[in-house]
Amino acid sequence: MRFCILMGSPRLNGNTAELLKPFIAELKESGNEVSRFNLSEKDVRPCKGCYACQQVSGRYGCIQDDDVTEIMDEIIASDCVVFATPIYSWYCTAPMKALLDRHYGLNKFYGKASGSLWEGKNVAIIATHGYDADYGAGPFETGIKRMCEHSKLNYAGMYSVRDEDDLASFQTGDAISGARNFARKILAL
């Protein structure tokens, strides 16, 4: 399988990155191809709402000249997209939200082009958060589930760990085995 991991944290060595380590290790040890985009290092501009992408068939088609086309091309080539993000104010980080807003070009529902460039792909979430999982990460998970339903994607689930002791929370045996088990779950789909 080919995985596209979209890392939304601005802290490239922070909690979310730590939780990704065993997840990615499990994927690679199982012979899967993994690409990772650190969104805070990419030029991800907000959607203009111009619908130009909806007039372009067979490719993403956004008129903006930023890094999003490269990211969307990798999403299209992948079997599974993983949104990895800390939860700030009950939702993902600003770079990830900007990217999510730009997914319109993957679904050609609103112009002369038609079809979907990513229908049927698996989508998963890895989240770090305060509070318990449902309260802390639930609103983001609900948003991704709705996007999956609208885009005819397969929602593979969410693995999340609560920040109770900063980086140490994500280095426990339970956190590490949970991340590896989540990777195995996705591979079994």
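Nothing in this text is a laboratory measurement; each read-out follows from the coordinates by a stated rule. In this text, all values refer to a predicted model and were calculated from it rather than measured experimentally. Glycine also receives a Cβ, built like all others from the backbone with ideal geometry; neighbour counts cover every protein chain displayed.
Within the chain, antiparallel bridges make up roughly 10 percent of the DSSP beta bridges whose residues both belong there.
With each label modelled as a point 7 angstrom along the Cα→C-beta vector, the TYR110-LYS28 pair spans 3.8 nm.
Set the Förster distance to 22 Å, then compute FRET efficiency between TYR155 and ASP132 from the Cβ-Cβ distance, nearest 0.05. Between TYR155 and ASP132 the formula returns 0.60. Output the 0 to 90 degree angle, nearest 10, between the alpha-carbon long axis of helix 15-29 and the longest principal axis computed from the alpha carbons of the chain. Helix 15-29 sits at roughly 80 degrees to that axis. If R0 equals 22 Å, the separation of the Cβ atoms of ASP79 and LYS42 corresponds to a calculated FRET efficiency of about 0.50.
Greater than 31 Å separation of Cα atoms is the criterion. Which listed pairs, LYS112/LYS152; LYS28/LYS152; LYS42/LYS108; LYS21/LYS112, meet it? Violating the 31 Å limit, Cα to Cα: LYS21/LYS112. The distance linking the range 1-67 with the range 149-176 is 17 Å (Cα centroid to Cα centroid, whole angstrom). Pairs of Cα atoms nearer than 8 Å and 6+ residues apart set the relative contact order; for the range 1-156 it is 27 percent. Against the longest principal axis of the chain, how steep is helix 68-77, in degrees 0 to 90 to the nearest 10, with axes from Cα atoms? That works out to roughly 80 degrees.
By the rule of a C-alpha distance below 14 Å, with chain neighbours fewer than 8 residues away ignored, the aspartates and glutamates paired with LYS121 are ASP73, GLU74, ASP79, GLU149. Quote the FRET efficiency, to the nearest 0.05, computed for SER57 versus SER35 with a Förster distance R0 of 30 Å and r equal to the Cβ-Cβ distance. Taking R0 as 30 Å, the efficiency between SER57 and SER35 is 0.75. A helix-only calculation puts the chain at -11500 deg cm²/dmol for mean residue ellipticity at 222 nm, using -39500 (n - 2.57) for each DSSP H run of at least four residues, averaged over all residues.
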